[in-house]
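The values are calculated or read from the model by the stated rules, or taken from the named source; none is laboratory data. These figures come from a predicted structure and were not determined experimentally. Methodologically, a virtual Cβ is constructed for each residue, glycine included, from the backbone with ideal geometry; neighbour enumeration extends over all protein chains shown.
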Amino acid sequence: MRQFIQRLAAKHDFRPTHLLEMLRAVQARYHHIPADAAELLAEVLRIPRTRIIDATEFYSFFSTDPKGRYELLISDSITDHMLGKQELMAYLAGKLGVAVGEVRSDGVVSLDNTSCTGMCDQGPAGLVNGYALTRLDRSRIDQIAELINGEISLEEWPAEFFQVEDNIRRPGLLLDSPIAPGEALKAALARGFKETLIEIDKSGLRGRGGAGFKTAMKWRFCAEEPQTERYVVCNADEGEPGTFKDRVLLNSFADQVFEGMTLCAAIIGAKQGFLYLRGEYLHLYDKLQAILAERRAAGLLGAGILGGAVDFDIEIRLGAGAYICGEESALIESLEGKSGIPRNRPPYPVTSGYLGRPTVVNNVETFFAASAIAVHGGDWFAASGTEKSQGSKILSISGDCARPGIYEYPFGTTVRTILDDCGASDVLGVQVGGPSGTFISDQEFDRKLAFEDLATGGSFIVFNGNRDILAIAHNFTHFFAHESCGFCTPCRVGTSLLRNQLDKITGGHGSAGDVVALEEICRLIKTNSHCGLGQTAANPVLTTLERYPELYQSRLKKISFEPGFDLDGALETARRMANRNDAAAHLQQTAAEHE
Amino acid sequence: MSKTITIDGKAIPFTEGQTIMEAATAADVYIPHLCHHPGYTPHGSCKLCNVRVNGRICSACTFPAAEGQDIQNHSEELNADRRRITQMLFVEGNHLCPGCEKTGNCQLQAVAYHLNMLDNHFPHFYAKRNMDASHPDVLIDHNRCIFCTLCVRASREKDGKDVFAISGRGINKHLIVNAESGLLKDTDLEATDQAATICPTGAILIKRTGYTVPIGERVYDHREIDAVSLEEERGEHG
């Protein structure tokens, strides 16, 4: 092991910033992070062992306890549930002879849930040793169980198990006219970098990650910082359940995304860029590395790009399963090899980002759009969309519709149009922008996609009339409790309190007053949390409670007080010990209801 | 001329680079806090010092004071939220004030008094947490840790040692120590270290000192935390 760790650390130049990459390698080899490996890593990297323990415990894809040689994780996103995930999971557990959350006694396979894997248009989905499995069904699970029991290596598994489709259903302004490699850089060089920034400003492009900050303004702020060592970071940590557009952009338009990053680097004067790729997109890693190599060979990356005008290169860094790392300052912490805890602001990343240097962090789609704007000009982009939301938006659509996949629309398009296009009928509501966004009911389909009405990072999850609103809120609320980084009190404790309170109501133990208590917890988390995760974690409950208060009320008992647990169930141990099971040994908890 | 901010209608002078907390403390205005301590890098995690700055909620301990800020500190709404946040800290761990040797000297308890916290309000988590009594002079009772990281910062910034860290995610966060065995006895912590005495709760205790001052004669048995805190911290911020 010493030799393995030594070589691994040497490969990463003994840089603690690369800790996640090294832990990924250790996990892949030993299927956990052995205590010895943590000690050795601490020794060779010269960092406290506590940093390694912290990172191991923070990221979902690392574990201190041994996992199976086949680490199976099944996506727990609501869209997977809608496609029959729970029933399939039970079938899979039975086939493999392993309980969910456990390792089989022979150590061959472990099975567990994971948060959304970004395959909502082709679920139920999962991961095996980090690689995406799509379109799971019983027959596929039969084959997977056979392959695992036969201990067949992943390379020999049928390729179609790992096939990830783009599913581009409706291209628009950007997807219809991709640029050729180098085109944006040449246009920018010819026009001048300053003038290109003016074009981006004129285009009205706002960050596509959800917050909607003006891109040109962010780049200008960063360029104006006195500190000259600057960085460009592409946020490809697309963890919002229901969102998968970045996966498609990186699979089929990576050149254009890298070009946008290079353009930004040329404008702000950065020499180094990072693509922070979510761990769930490991299947894209080699392909993206190959594209970077091609760009270096073509003189579009590296030293002396465009005849010496720019020096810039891009490194790909993989995440390790933490939704919070989509928050830009948490992402920067993660890039530095630490656990993903959002920083205090100010200072903002444009002033003090990666290693304390000025850093531009933008979404994949933002860089993708910026390179097109460099070619076609600001007016071309601004001609689409609305007055306050220029251009187009790429959407990931999943759930109850005939054609899940990628759609691109000019801002200002109504929800109704989008639902018609994707083949959704009998729609109960749509979750716009993922769990952190808004649930809109069927009364609101004339609302428009735009920053001034329905702002969105780009996900639509469609629910039809057969779906249970409370089950949706339940899934999302559990998601946030699982993904809270735990830094601040209102989010760390609040998301767990919220989960428990909602469980109490959906579990039939709620009574008068419990919905009021639920609302109070929501407000506390939303108002007092440190970052966007906490500030939006209560949205699934708040937006459904606002639209369907009667649904929450209908789950309540009619008595004035109901304990948060099953009184009769709690007596089970006592009954067993007393060897009794007669009527008098049971408590009628709900008697008052029938009076 | 010095610049000013307004806290609850009162003009407070500040100098460039000061946080709202620093300016307030220097001007004798108490803002409740647990994870903050003068002279330590601000952390901003407990969120008791949340104030309303021009309508927006910000942590006073990390947010820079700036000309023109109109700050609400002691509003009924803010104090009600602070009470709830304190109650969250109480139900997350296992805090049994009457049986804790820190009682009367505990900032968590004192803040709860100050905010008129009369019950725990939320259902308890009853987390299973351990005790590390391995060290000859210092004890960690994880039941009372609130993850303020003051011990982490003290060890790193004041003692130059790096004994403590917070590990894990979300509600599973926990305090760890820098020893292969994971036990405090195998670290280089000494009872005289700042990290051993900075804990605002009863999570890190010095052994054999628990009852040298009798209950009833302790710091917060007689005085409110706002007065004590301002007296102790004003000079350090000033």
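Can you tell which of B:Leu96, B:Leu34, B:Leu48 is at pLDDT below 95 and either closer than 27 Å to A:Cys485 by Cα or among the aromatic types (Phe, Trp, Tyr) (or both)? Criteria check complete, one pass: B:Leu96.
Those helices (runs of 4 or more DSSP H) of region A:347-431 in which 1 or more residues are without any contact (Cβ under 8 Å) to a residue 12 or more places away in the chain and farther than 20 Å from A:Asp201 by Cβ occupy A:415-421. The sole residue among B:Asn105, B:Asn143, B:Asn130 that is touching a His at 6+ places or on another chain (Cβ under 6 Å), of a type in the set (S, T, N, Q) and within 25 Å of B:Phe164 (Cα to Cα) is B:Asn130. A:Asp468 passes every criterion in (1) under 26 Å from the mean Cα position of the chain (by Cα); (2) free of Cβ contacts under 8 Å to residues at least 12 places away in the same chain; (3) at the interface with another protein chain (Cβ under 10 Å from one of its Cβ atoms) apart from (3). Under the condition of being more than 13 Å from every other protein chain (Cβ to nearest Cβ), of a type in the set (A, V, I, L, M, F, W, C) and within 25 Å of B:Thr212 (Cβ to Cβ), the residues counted in region B:69-109 number 4.
Could you tell me whether B:Ile166 is assigned to a strand (DSSP E or B), in contact with a strand residue (DSSP E or B) (Cβ under 8 Å, 6 or more places away or on another chain) and in contact (Cβ under 8 Å) with a residue 40 or more places away in the chain? Taking the combined requirement at face value, the residue does not satisfy it.
Scan region A:527-543 and give yes if some residue there is away from every other protein chain (no Cβ under 13 Å) and free of Cβ contacts under 8 Å to residues at least 12 places away in the same chain, otherwise no. The answer is no, given that none of the residues of region A:527-543 is away from every other protein chain (no Cβ under 13 Å) and free of Cβ contacts under 8 Å to residues at least 12 places away in the same chain.
When A:Gly486, A:Gly510 are checked against the criterion of being within 13 Å of chain B (Cβ to nearest Cβ), in contact with a Leu (Cβ under 9 Å, 6 or more places away or on another chain) and not in a helix (DSSP H, G or I), a single residue qualifies: A:Gly510.
Quick one: would you say A:Asp80 is in a loop (DSSP other than H, G, I, E, B) and of a type in the set (Asp, Glu)? The answer is no for A:Asp80. Taking region A:59-77 as the range and being touching a strand residue (DSSP E or B) at 6+ places or on another chain (Cβ under 7 Å) and either within 14 Å of chain B (Cβ to nearest Cβ) or farther than 30 Å from A:Leu136 by Cα (or both) as the test, only A:Ser60 passes.
Scanning region B:78-105 for residues that are of a type in the set (Asp, Glu), over 16 Å from B:Arg52 (Cβ atoms) and in a helix (DSSP H, G or I) returns a single hit, B:Glu92. The sole residue among B:Glu157, B:Glu180 that is within 12 Å of another protein chain (Cβ to nearest Cβ), surrounded by fewer than 23 Cβ atoms within 10 Å (Cβ to Cβ) and either in a strand (DSSP E or B) or not basic (Lys, Arg) (or both) is B:Glu180.
Answer yes if at least one residue in region B:152-172 is at pLDDT 95 or above, among the β-branched types (Val, Ile, Thr), under 16 Å from the mean Cα position of the chain (by Cα) and closer than 13 Å to B:Gly93 by Cβ, and no otherwise. Checking region B:152-172: not a single residue is at pLDDT 95 or above, among the β-branched types (Val, Ile, Thr), under 16 Å from the mean Cα position of the chain (by Cα) and closer than 13 Å to B:Gly93 by Cβ. If you check A:Asn539, A:Asn528, A:Asn581, A:Asn500 for being modelled with pLDDT of 90 or more and more than 30 Å from A:Ile440 (Cβ to Cβ), only one passes: A:Asn581. Against the numbered list (1) without any contact (Cβ under 8 Å) to a residue 40 or more places away in the chain; (2) away from every other protein chain (no Cβ under 14 Å); (3) assigned to a loop (DSSP other than H, G, I, E, B); (4) of a type outside the set (A, V, I, L, M), A:Gly107 comes up short only at (1). Go over the candidates A:Val26, A:Val98 one by one and state the one that is more than 27 Å from A:Cys325 (Cα to Cα), at pLDDT 95 or above, among the β-branched types (Val, Ile, Thr) and surrounded by 17 or more Cβ atoms within 10 Å (Cβ to Cβ). Testing whether each residue is more than 27 Å from A:Cys325 (Cα to Cα), at pLDDT 95 or above, among the β-branched types (Val, Ile, Thr) and surrounded by 17 or more Cβ atoms within 10 Å (Cβ to Cβ) leaves just A:Val98.
Screening B:Cys199 against (1) more than 11 Å from chain A (Cβ to nearest Cβ); (2) surrounded by 14 or more Cβ atoms within 10 Å (Cβ to Cβ); (3) more than 20 Å from the chain's Cα centre (by Cα) leaves a single unmet condition, (3). Take the conditions (1) in a loop (DSSP other than H, G, I, E, B); (2) more than 14 Å from chain B (Cβ to nearest Cβ); A:Arg247 misses just one of them, which is (1). Which one is farthest from the other protein chains (Cβ to nearest Cβ), of the residues in region A:29-58 that are free of Cβ contacts under 8 Å to residues at least 12 places away in the same chain and over 21 Å from A:Ser334 (Cβ atoms)? My answer is A:Glu43.
Set side by side, the residues A:Glu199, A:Glu240 differ, and just one is outside any loop (DSSP other than H, G, I, E, B), charged (D, E, K, R) and buried (at least 18 other Cβ atoms within 10 Å of the Cβ), which is A:Glu199. Of the residues making up region B:1-17, those that are touching a residue at least 60 places away in the same chain (Cβ under 8 Å) and surrounded by fewer than 21 Cβ atoms within 10 Å (Cβ to Cβ) are B:Lys3, B:Thr4, B:Thr6, B:Asp8. Each residue in region A:342-397 was checked for being within 14 Å of chain B (Cβ to nearest Cβ) and either at negative phi or in contact with a Cys (Cβ under 7 Å, 6 or more places away or on another chain) (or both), and 9 of them qualify. Looking across region B:106-118, the residues that are outside any helix (DSSP H, G or I) and surrounded by 18 or more Cβ atoms within 10 Å (Cβ to Cβ) come down to B:Cys106, B:Leu115. Within region A:344-374, being surrounded by fewer than 22 Cβ atoms within 10 Å (Cβ to Cβ) and in contact with an Asp or Glu (Cβ under 7 Å, 6 or more places away or on another chain) holds for A:Thr351, A:Leu355, A:Arg357. Taking the criterion of being closer than 30 Å to A:Thr477 by Cα and either crowded, with 17+ Cβ neighbours inside 10 Å or touching an Asp or Glu at 6+ places or on another chain (Cβ under 9 Å) (or both), the residues of region B:125-154 that qualify are B:Phe125, B:Ala127, B:Arg129, B:Asn130, B:His142, B:Asn143, B:Arg144, B:Cys145, B:Ile146, B:Phe147, B:Cys148, B:Thr149. Given the structure, is B:Lys47 at the interface with chain A (Cβ under 9 Å from one of its Cβ atoms) and not hydroxyl-bearing (Ser, Thr, Tyr)? For B:Lys47, the condition - at the interface with chain A (Cβ under 9 Å from one of its Cβ atoms) and not hydroxyl-bearing (Ser, Thr, Tyr) - is met. Selection of helices (runs of 4 or more DSSP H) fully inside region A:519-562 by the criterion of at least 3 residues being aliphatic (A, V, I, L, M) returns A:539-547.
Within the set A:Arg345, A:Arg357, A:Arg296, the sole residue that is among the basic types (Lys, Arg) and within 30 Å of B:Ile171 (Cα to Cα) turns out to be A:Arg345. Of the residues in region A:449-472, how many are assigned to a strand (DSSP E or B) and surrounded by fewer than 16 Cβ atoms within 10 Å (Cβ to Cβ)? Result for region A:449-472: 1.
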